[in-house]
Amino acid sequence: MPPVTLGALAARLPRTPLTRFAPSPTGYLHLGHVVNAIWVWGLARALEGRVLLRLEDHDRGRCRSDYEAALLEDLDWLGLAPDLGPTRQRDATAVYLDTLAALERRGLVYACDCSRRDISREGGDVPHLETRYPGRCRDRGLPSGEGRGQRLRLADTVERFTDELLGPQEQVPALQCGDPLLRDRHGNWTYQFAVVVDDLRQGVDLVVRGADLVGSTGRQIALGRLLGRDDPPVYLHHPLLRRPDGAKLSKAAGDTGIRELRAAGVSAPAVLGRAAEAAGLTTDARPLPADELARLFTGA
Ligand code: GLU
């Protein structure tokens, strides 16, 4: 049985919805990315929508052009062709600066000189829980500049949304993370800021991503609203691929790299088939060509 009710999902979306695949070029493509890509392309095709490829290279210190080139090449080899893009966050500096300036004019941004250590000490770091920014710089009136981050003054709202797989969700970003960073003290745009600005300006209607990001959704909806988006995208957070020992896959786990599988002579449909099975989308790992991904969701 398909994991989502397609008709119900389509009813929440425009006729030709836009979704996105948004990897960060901080490593090589691995099976975890492929699982996400199967959900993204499969749903887009099943809904007769479009896929935007967005390279999330906001962290200039960790992104590399060789990773980016390899990512594009591996996607192409898998047969996963986007309808739009690739776009790159490094090309959007002017948009981010304008957006930040507009928030600043409304008194919603403040400079922060806290180090990670200051924050965990004051916030009372609880292992496995997100560290909440305790608001130390909120009312200090520090001028922005070299070595200082910039944070969003977030209201104490309850954010409610219905995830297409997980059902109704309720989050209070002020309690989860406190005021989020928009730009860090090295001048990098943060993931939370760039993703919201991009989903808005690029007209993304459907966000399909791993369940590890569900906790970020409330704050993204809140920031989106401040930027004028009253109707947030539709969200679907899917289960992550796990290793048999229960650990989440990471780019460091060499056994799941697409480059390694290619070098070992595994075909592209075999990689997709393996990923679909490991994600629980199929009951066997038989090869799955990229142009047949829709049937995982249409049940055809
Ligand atoms: N760039 C993020 C990642 O690679 C995905 C962000 C998102 O889908 O919102 O994990």
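Any read-out appearing in this document is the output of simple, stated calculations on the displayed coordinates, not a laboratory observation. Keep in mind that this is a model prediction, so the values were computed, not measured. Positions of Cβ are generated from backbone atoms using ideal geometry, with glycine treated the same way; all protein chains shown enter the neighbour counts.
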Between segment 40-58 and segment 71-93, the alpha-carbon center distance in angstrom: 10
With Cα atoms, 0 to 90° folded angle of helix 65-78 axis to the chain main axis: 30
Angle between the chain longest axis and helix 268-278 axis [Cα atoms, degrees, rounded to 10]: 70
Length released on extending from residue 172 to residue 259, taking residue separation times 0.36 nm less the Cα-Cα span: 27.3 nm
Burial ordering of 177, 112, fewest other beta-carbon atoms within 10 Å first: 177, 112
Residues in segment 272-300 reached by a label modelled at residue 15 [backbone nitrogen below 15 Å; 7 Å Cα→Cβ]: none
Cα-Cα separations in the chain greater than 31 Å, expressed as whole percent: 32
Cleavage-rule hits, trypsin sites (Lys or Arg not before Pro), segment 45-114, DSSP coil, Cβ neighbours within 10 Å at most 14: 60, 62, 64, 106
Fluctuation leader among 178, 265, 135 - the chain, Gaussian network, Cα springs under 10 angstrom: 265
Cys residues of the chain counted as unpaired, since no other Cys beta-carbon is under 4.7 Å: 63, 114, 177
At R0 = 35 Å, FRET efficiency that the Cβ-Cβ distance of residue 83 and residue 8 yields, to 0.05: 0.90
Point-to-point label distance, residue 117-residue 165, nm (Cα→Cβ direction, 7 Å offset): 4.0
Where Rh is the Kirkwood radius over Cα pairs, Rg/Rh for segment 1-138: 1.06
Mean separation of Cα contacts under 8 Å (6+ apart) over length of the chain, as relative contact order %: 24
Sorted by Cβ density within 10 Å, fewest first, the residues 77, 39: 77, 39
